[in-house]
Structure formats: C-alpha cells, structure tokens
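Student: This structure is in structure tokens; I'll ask about it shortly.
The values are calculated or read from the model by the stated rules, or taken from the named source; none is laboratory data. These numbers come from a predicted model, not from an experiment. When we count neighbours, we look across all protein chains shown, and the Cβ atoms used for this are built from the backbone with ideal geometry, even at glycine.
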Amino acid sequence: MSEVHVHRVQPEWKENALIDNKTYQKWYTESIKNPEKFWDKHGKRIDWFKPYTKVKNTSFTGKVSIKWFEDGVTNVSYNCIDRHLKKRGNQTAIIWEGDNPYDDKKITYNELYEHVCRLANVMKKHGVKKGDRVTIYMPMIPEAAYAMLACTRIGAVHSIVFGGFSPDALAGRIVDCESTFVITADEGLRGGKSIPLKDNTDKAIDIAARQGITVENVLVVRRTGGKVSWYDNRDLWYHDEVRAVKADCEPVKMKAEDPLFILYTSGSTGKPKGVLHTTGGYLVYASMTHQYVFDYHDGDIYWCTADVGWVTGHSYIVYGPLANGATTLMFEGVPNYPSASRFWDVIDKHKVNIFYTAPTAIRALMGAGDSHVTKTSRKSLRVLGSVGEPINPEAWEWYFNVVGDKRVPIVDTWWQTETGGILITPLPGATDLKAGSATRPFFGVQPQLVDNEGQVLEGAADGNLCIVDSWPGQMRTVYGDHERFVQTYFSTYKGKYFTGDGCRRDEDGYYWITGRVDDVINVSGHRMGTAEVESALVSHDKVSEAAVVGYPHDVKGQGIYCYVTLMNGIEWSDDLRKELVAHVRKEIGAIASPDKIQFAPGLPKTRSGKIMRRILRKIAEDDFGALGDTSTLADPAVVDDLIEHRQNKK
Ligand code: 6R9
C-alpha cells in the first residue's frame, strides 16, 4: 500500500472546537462503558413533553427489538421549530438557492412555523391522521422541508421518493406503504431542465390503482408553471389550500417509538426495503451528530448538497440542523450548472461555513480543473464533509488542498440509511486525518470486524463490518416486514448488526471502508441493488436472463455493467442495447441507467444454478487473469465466450 499521509489536527481546528481529542476519548469510553448513563444525559438535548425514565431497551438477538427513550413523549416539528422561536424567530432557518443562480430566498424560523402549521392544517382538513403514510415526491424546494415537518407535526409518517425515480418506482413505494396522500410539484428544475413530477405522479397513481391502492389526494406545489393534467376530484393546488387554513397547529404528542418516516433503500435481494425510523432516538442522534461531527456553532451557515430524497437530506439538511436551530442551505440545482464553479460561488454568496458533499461530485469537479475553484474565495469555510461512498485519497487530497486551501479539516462520514446518522467519522478538533479513512467511531458506536465465518478479528485486520450494540438513530424495522429486518441485518452474524460493508482497521484503530461486500452497488453515491436492475432487464420481452455487477468508474465510483442473454431467435444489435438502456430508465429511473451492456450467450453458473458474480465482476474489470476457480461451473466454456465478447466489445 502507498504511504498514508496523516494530516494532524491543526491548532486552529482545536481552538474553538466543541470536542478535542481528550474529550473524545473520555466521552467515547463513557458511552461504551455505560450507554444508559451517557444517553440519559444526551437524550435531553431535545425537548420532551413528558421526560423519559427508560433510556435503552435493545436486543440484537431473537426477534430483535430496539427501543430508546420509550416512555418519553415529544414532537419532531416542535423541536425543529417552536422551541427556537423565542430566541431565534427572526433568524434564517432555510436559505434556498434555486437552480438558477438569480433565484434564492431566505425563510426565518417564524416563517417556517407558519408554513409548516398551514400545511399541517391542509393535511388534517383532507383527512390525514396520525400514523397515516404520506408520500413526498418533490424537487429541492423549501416546500419539501415544510412537507416533512408538517407530517411530523400531525404524526403522519412520510415516505420521500427521490424525484429522479420513475413512475413505476414511485408506484411501488406508494403501494408498499399504502399511502393515500401524495405531495408533489408541477415540475422540478435541475441544471436548466425540467422534470415532469406531476405527470410521473399521475402515471404512478394509475399503476398503484391497478394494484389496489387508491391515492385520495395529490397536493401540488407550483414550481415552474408548466402545463400539467388536472383531476378536480383528487388534485389540490398547494397555494390555494394553504391560504384557506389557520396559521397555527398544535403539535401532536408522539411517543419516542412512534414512527417518524419510511425511506426505501436497495438491498442485495428483492424489492427496496422500507427502512423505518422512529421519533425520539432518531432526532437525538441526528442533532447530536450534526453538532459534533460538523463542529456546528450557533450562527454557522451550513450546507449539505444532498437531496431530501436520500437519508443524508433527511438527517443533515432538515432534522439535525433544524433541531439545532441552525441555518441550513437547500440547493435545487446541480454542481456544474451554470458552470463548474457553482458550489464555490454559492459558498461565497452565502458565506457558508460548513460544506458537506459526496465524492462523486468532488471527482467530477476535480476533473473540471482547479481554476473553477481558485477563482473563488471560500474564506468562510471552516469544515468540509464527505459522504455516500469511499473517497479515494486523490479526491480527498484535492478537496483538502484546493477547495479547503490546506486550511480546513475534512470529515469523511460513514453511515447508512439504516443507521439514521453518522457512525464512523473524524471530529474536526479531535481527530488526526488520513486521506480516505472514515477514522474512528462516534460516541456510543462499537464497530467490529469479523471474517466470513463470523470469527471476530482483533487489531489491524480486514473483514466484514458489524456493529455490536444499538445507538439511538438505528432503524427499528423494515416497514411491514420485521422478519426481513431480522434476516437482512442480524442473521449473517448472530447477535450483531451487519452493515453489508467491507472494512479494514489499521494499526491506529482507524477504519477504512472498502465498499459493499453484498450485491449492492454504489453509483454516484446512490445505492442500487443489482437484483433490481436485473429484474428491470428481464421484464423486457427480448431478454431471457440478466446479471448485473459494478465496475470501477472514474467519476461515479462504480458503474453498472449488465450481462444480458436474449430470448431464442433475437439478434443482438446496437439498437437493442439502446432499447434496453431506455427500458431500465423507465422501470427504475435515470440513476439506474446501465453504463455497459454486454451480450452474453450464457452466464457462468454453478451446478445448482447460482450465477457466479465474482467471475462477472472480474470480466467487467478486464481482469481476465484472476478468475479464480471455474471448475465448479456447470459449463466452464461460457467464461471463454464472455471474455471473447468483452474483448470484441460486442
Ligand atoms: C449515508 C448514505 C450507505 C452505503 C454504505 C457504504 C457507502 C456511505 C460512506 C460510504 C465509504 C463513506 N458509504 N458513506 N462508504 N465511506 N464515508 O450514503 O446512506 O445511501 O444508505 O448508503 O454507502 O457502502 O453501506 P446509503
């Protein structure tokens, strides 16, 4: 391995930092030795209508049950809005930066209160009650945050579907959680292009209806003014509705373990899972990690570039920052529009202090050249963050040297939809940095590496990453399928939460995430089950079989490589390739667009019929020398065919 460059904590990073190394060590030890006591103290960082007396009640064995602060009563929107009003009613809660650089606005906490209360009243008026599921399919506009908070105000459970997903994917998620109320916009706007959100919603609702789920109402925000179809008995304009209701709405009393939101995420098998997070523990964990990981101080301008359709947007655009009374920036656009300076221009424009983005964006902007960065000031920056996939040391160093001018610490934060918040990360004033390492566990987090047989690995080692005990932000179940929750996360290594990631621990106890060890690929920081892409491919009537693997991609991290076997008598052609790409985009969405499709006369299978993906991965990487043992294949000749096709680029 190449020499690792250690970046020591600089004196300026420590100076005003909330946590230095000594404090980290002390708190970490306390949090592991006596989690009850530690979380009893930190659970009080949010306001409770009725304080909890029980702190932790969790078990990773048997039926698996996870409860935190279970007898406490609170409300998320109250914590993100009401409790700040006295002190910071006129402080900006949300800075919105539109796709077009001339489009922006600021929303104070007082205004946020009114927007959220009105929307909550609209939902109530149309029959949405505590426990009902509301699907949100929105662009990155403040109304997306209002919608989330309005749900929490009345105890409805939101399920946000990323605006890049297709009508089919949206329908699947509406049906799975039986959601009868949808909030969307006429169109989204990204990089100057419009996205037909209302039109997609109409299509999704038709598909859902055929599967027995009737959406009663669609609330539509007018974003672009583009033409949309309208169904009077079902569709409601947001701007009309909010005018007609009161500007106050009591927050509903929620038990700590009442559901807060569902977020669908891809796994190695089957359909996406509805990850369920609950109220109290999630908010404690999101707000605490937001404060300490980003060394957030009162008055800081904080910007996370994620979309609210992903967990990063939930925890670190909306819930964590707003629970802390922060000013959070919400960006509608893309990194390279109107130019590759956009991120850095926005940082200067709004004097952003904390900036949190993904390696795929960093790599793309690195490729665009340093001058786009160096012509901007970026003097306001104090902390940089990275999330979503492993960051390669070259991109890390560029982020550090060029974007941060060697002056600003980088927090490489490892976590998952399932974990609710950051689990492994540096703390800016405490942790010496190594480019490419997520470094050390956050308070209360106990990582463990195990080999494939489940043997615990000590010291410096390479293995499968598990977490041995619960933390408050952990998911509680798969919506409607607890058995799948237990099977997916707690059965591979009994009594432990298995993350699905591979990981190396070095001699300093630093963690280096090496990527997924299951059939999940990470494309531009978006999680994709290879099984989902395969099922989209085989749903095409000319495809008989498909196998999908990830392969290294310079900008996306991983690209999507598909092997496709055709129905008898169908000829392979470039047009068919295009047709298949379009088909997958239609079935799932543009984020699942295959990068490469290779015609495969046959797939390498074991005698029991299991596809040997290991071999397919190697071929996709052009690594023909290291195919390993192929003797267990039912028909070893298949492999030569695949290599030949790969080399002929057929
Ligand atoms: C927050 C989020 C989770 C998967 C996770 C891992 C990868 C996320 C990472 C990282 C290396 C980091 N991942 N952050 N890998 N270093 N800092 O991304 O959630 O969409 O559920 O993805 O992403 O493989 O298992 P999610």
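Student: If I filter region 553-581 down to residues being closer than 14 Å to VAL523 by Cβ and of a type in the set (D, E, K, R), which single residue comes out as surrounded by the fewest Cβ atoms within 10 Å (Cβ to Cβ)?
Tutor: Going through the qualifying residues, I end up with ASP554.
Student: Related question: Can you tell me which residues in region 58-77 are on the phi > 0 side of the Ramachandran plot and within 26 Å of the chain's Cα centre (by Cα)?
Tutor: If the condition is that a residue be on the phi > 0 side of the Ramachandran plot and within 26 Å of the chain's Cα centre (by Cα), then VAL64, PHE69 are the ones that fit.
Student: May I pose another question? Within the set of pairs 6+ apart or on separate chains, which have a first residue in region 487-512 that is away from the ligand (no atom under 16 Å from the Cβ), a second that is polar (S, T, N, Q), and C-beta atoms under 6 Å apart?
Tutor: Every condition considered, the pairs that remain are GLY495/THR61.
Student: Among the residues of region 69-105, what is the count of those that are of a type in the set (D, E, K, R) and over 18 Å from VAL221 (Cα atoms)?
Tutor: So the count comes out to 7.
Student: Restricting attention to region 88-120, which residues are among the hydroxyl-bearing types (Ser, Thr, Tyr) and surrounded by fewer than 17 Cβ atoms within 10 Å (Cβ to Cβ)?
Tutor: Of everything in region 88-120, just one residue is among the hydroxyl-bearing types (Ser, Thr, Tyr) and surrounded by fewer than 17 Cβ atoms within 10 Å (Cβ to Cβ), namely TYR102.
Student: Under 18 Å from ARG88 (Cβ atoms), part of a helix (DSSP H, G or I) and within 14 Å of the ligand (Cβ to nearest atom): does that describe HIS290?
Tutor: When the stated conditions are applied, HIS290 passes them.
Student: Could you please give the count of residues in region 398-430 that are part of a helix (DSSP H, G or I), away from the ligand (no atom under 11 Å from the Cβ) and closer than 30 Å to THR477 by Cα?
Tutor: Counting residues in region 398-430 that are part of a helix (DSSP H, G or I), away from the ligand (no atom under 11 Å from the Cβ) and closer than 30 Å to THR477 by Cα gives 0.
Student: When you go through LYS596, LYS649, LYS618, LYS578 one by one, which is the residue that is modelled with pLDDT under 85 and within 15 Å of CYS562 (Cα to Cα)?
Tutor: The conditions single out LYS649.
Student: Output the qualifying pairs, or none if there are none: Cβ atoms under 8 angstrom, residues six or more apart or on different chains, first residue in region 375-393 and within 12 Å of the ligand (Cβ to nearest atom), second residue in a strand (DSSP E or B) and among the hydroxyl-bearing types (Ser, Thr, Tyr).
Tutor: If the second residue must be in a strand (DSSP E or B) and among the hydroxyl-bearing types (Ser, Thr, Tyr), the pairs left are GLY385/TYR356; GLY385/THR357; SER386/TYR356; SER386/THR357; VAL387/TYR356; VAL387/THR357; PRO390/THR514.
Student: Here's a check for you: in region 551-572, which residue that is of a type in the set (Gly, Ala, Ser) and modelled with pLDDT under 95 is nearest to GLY529 (Cα to Cα)?
Tutor: GLY557
Student: Looking at GLY454, GLY495, GLY473, which is the one that is part of a loop (DSSP other than H, G, I, E, B) and under 18 Å from the mean Cα position of the chain (by Cα)?
Tutor: Checking each option against the conditions leaves just GLY473.
Student: Right, here's the next one. Out of all the residues in region 236-284, which are touching a Leu at 6+ places or on another chain (Cβ under 8 Å) and of a type in the set (D, E, K, R)?
Tutor: The answer is GLU241, and nothing else.
Student: If you check ARG476 against the conditions, is it surrounded by 21 or more Cβ atoms within 10 Å (Cβ to Cβ), closer than 21 Å to TYR28 by Cα, more than 13 Å from the ligand (Cβ to nearest atom) and among the basic types (Lys, Arg)?
Tutor: Criteria not met by ARG476.
Student: Any idea which of GLY502, GLY550, GLY559 is in contact with an Asp or Glu (Cβ under 7 Å, 6 or more places away or on another chain) and in a strand (DSSP E or B)?
Tutor: GLY559
Student: Same structure, new question: Out of region 545-579, which residues are in contact (Cβ under 8 Å) with a residue 12 or more places away in the chain, of a type in the set (Ser, Thr, Tyr) and either in contact with a Lys or Arg (Cβ under 9 Å, 6 or more places away or on another chain) or over 25 Å from GLY267 (Cβ atoms) (or both)?
Tutor: TYR551, TYR561
Student: Counting only residues that are touching a Leu at 6+ places or on another chain (Cβ under 9 Å), within 16 Å of ASP519 (Cα to Cα) and not in a loop (DSSP other than H, G, I, E, B), how many does region 606-643 have?
Tutor: The number of residues fulfilling the criteria is 5.
Student: So ASP462 clears everything in (1) in contact with a helix residue (DSSP H, G or I) (Cβ under 9 Å, 6 or more places away or on another chain); (2) surrounded by fewer than 23 Cβ atoms within 10 Å (Cβ to Cβ); (3) charged (D, E, K, R) except one condition, right? Which one?
Tutor: (1)
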